[in-house]
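The values are calculated or read from the model by the stated rules, or taken from the named source; none is laboratory data. Remember, predicted model here, so these are calculated numbers, not experimental data. We place every Cβ from the backbone using ideal geometry, glycine too, and count neighbours over all the protein chains shown.
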Amino acid sequence: MHARSQTSVPSIKSGRERDAVYAVPREKIADFTFDETVARVFPDMIQRSVPGYAAIISMIGILADRYARENTFLYDLGCSLGAATLSMRHHLRHSRCRIIAVDNSEAMVRRCSRIMETDASTIPVDLVCADILDVQIRNASVVVLNFILQFIPPADRLQVVRNIYEGLLPGGILVLSEKIRFPHPHQEAFHADMHHAFKKANGYSDLEISQKRTALEKVLIPETLAAHRERIYTAGFTHCEVWFQCLNFASLCAQK
């Protein structure tokens, strides 16, 4: 295994293609999907859309190193192009771990596979194209859901978290990152306005922001932090901490 510092963790954003998916006016805006068009520009899209994304990815690796145990599995559920998987691979000091990276988008899995093939880490990765609802979690010390639960139908979310809890070893953790909403209208308005400003500062036009918001309207359904905590405790977790928040994006760490 190669010993690497935090700053040397590989990044999938180098040489990334700029996101212009919603730059041209559309008569009809279809629901957002993680197809080849999105997969091609995804590193740029998420960096310019999610405040604090790079910090979250880096910290996932640090959390994994802290809680991973030898001869266990680490899961990256909804891995997209494998940013969290790469971070875990290059922070882990336990060489006897295996990462299982899962995504239901064939386009994402194809590109993720090519990225993993060029990565020098010796930590093994099993890349699986599947719905995370169909994945059995077992012998796990770390499970990551990085901006994924928000795309799962709300009625299925508790089952996802329960499956993770049941597959985690005692002391294991779930890292859950999500776009969140707020219970009070003035809070919601403030954070929505500042998120819009964040995206404009990163080069998105009002047209791009508006069209993507329409595309995501029925697909990405955010919840409050209180709703996430309630679900986590209902699933059986005993501890839950919000370790990161920037505007309407947050990440929680729950421990079994």
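The figures follow:
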item	result
Selection within region 102-120 - in contact with a Gly (Cβ under 7 Å, 6 or more places away or on another chain) and over 23 Å from His228 (Cβ atoms)	Cys112, Ile115, Met116
Count of residues meeting criterion [farther than 24 Å from Phe244 by Cβ and either among the charged types (D, E, K, R) or surrounded by 20 or more Cβ atoms within 10 Å (Cβ to Cβ) (or both)] in region 128-144	3
Flag for Ile115 being surrounded by 21 or more Cβ atoms within 10 Å (Cβ to Cβ), of a type in the set (A, V, I, L, M, F, W, C) and touching a residue at least 60 places away in the same chain (Cβ under 8 Å)	no
Options Ala3, Ala30: the member that is part of a loop (DSSP other than H, G, I, E, B), modelled with pLDDT of 95 or more and surrounded by fewer than 17 Cβ atoms within 10 Å (Cβ to Cβ)	Ala30
Which listed residue is aromatic (Phe, Trp, Tyr), under 30 Å from Cys246 (Cα atoms), surrounded by fewer than 20 Cβ atoms within 10 Å (Cβ to Cβ) and in contact (Cβ under 8 Å) with a residue 12 or more places away in the chain, from Phe151, Phe147	Phe151
Qualifying residue in region 182-195 (condition: closer than 18 Å to Phe42 by Cβ and either in contact (Cβ under 8 Å) with a residue 24 or more places away in the chain or of a type outside the set (Gly, Ala, Ser) (or both))	no
Boolean, Met88 is aliphatic (A, V, I, L, M), over 16 Å from Lys179 (Cβ atoms), touching a helix residue (DSSP H, G or I) at 6+ places or on another chain (Cβ under 9 Å) and in a helix (DSSP H, G or I)	yes
Test: Arg213 is at pLDDT 95 or above and under 30 Å from Thr72 (Cα atoms)	no
Failed criterion for Leu81 (all others in (1) within 13 Å of Val125 (Cβ to Cβ); (2) touching a strand residue (DSSP E or B) at 6+ places or on another chain (Cβ under 8 Å) hold)	(2)
Cβ-Cβ under 9 Å pairs, at least 6 apart or on other chains, region 55-70 side assigned to a helix (DSSP H, G or I), far side among the acidic types (Asp, Glu)	Ile60/Asp76
In region 201-252, the residues that are in a loop (DSSP other than H, G, I, E, B), surrounded by 17 or more Cβ atoms within 10 Å (Cβ to Cβ) and more than 19 Å from the chain's Cα centre (by Cα)	Tyr204, Phe237
Cβ pairs under 6 Å, 6+ apart, first in region 88-107 and free of Cβ contacts under 8 Å to residues at least 40 places away in the same chain and within 17 Å of Asp131 (Cα to Cα), second in a loop (DSSP other than H, G, I, E, B) and aliphatic (A, V, I, L, M)	Val102/Ala130; Val102/Val135
Subset tally (residues that are assigned to a strand (DSSP E or B) and farther than 16 Å from Ala68 by Cα) for region 116-140	4
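One line per residue, one yes/no per condition, for (1) under 20 Å from His228 (Cα atoms); (2) at pLDDT 95 or above; (3) in contact with a Ser or Thr (Cβ under 8 Å, 6 or more places away or on another chain):
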position	(1), (2), (3)
Thr122	no, no, yes
Arg138	no, yes, no
Leu149	yes, yes, no
Glu166	yes, yes, no
Glu178	yes, yes, yes
Arg181	yes, yes, yes
Pro185	yes, yes, no
Met194	no, yes, no
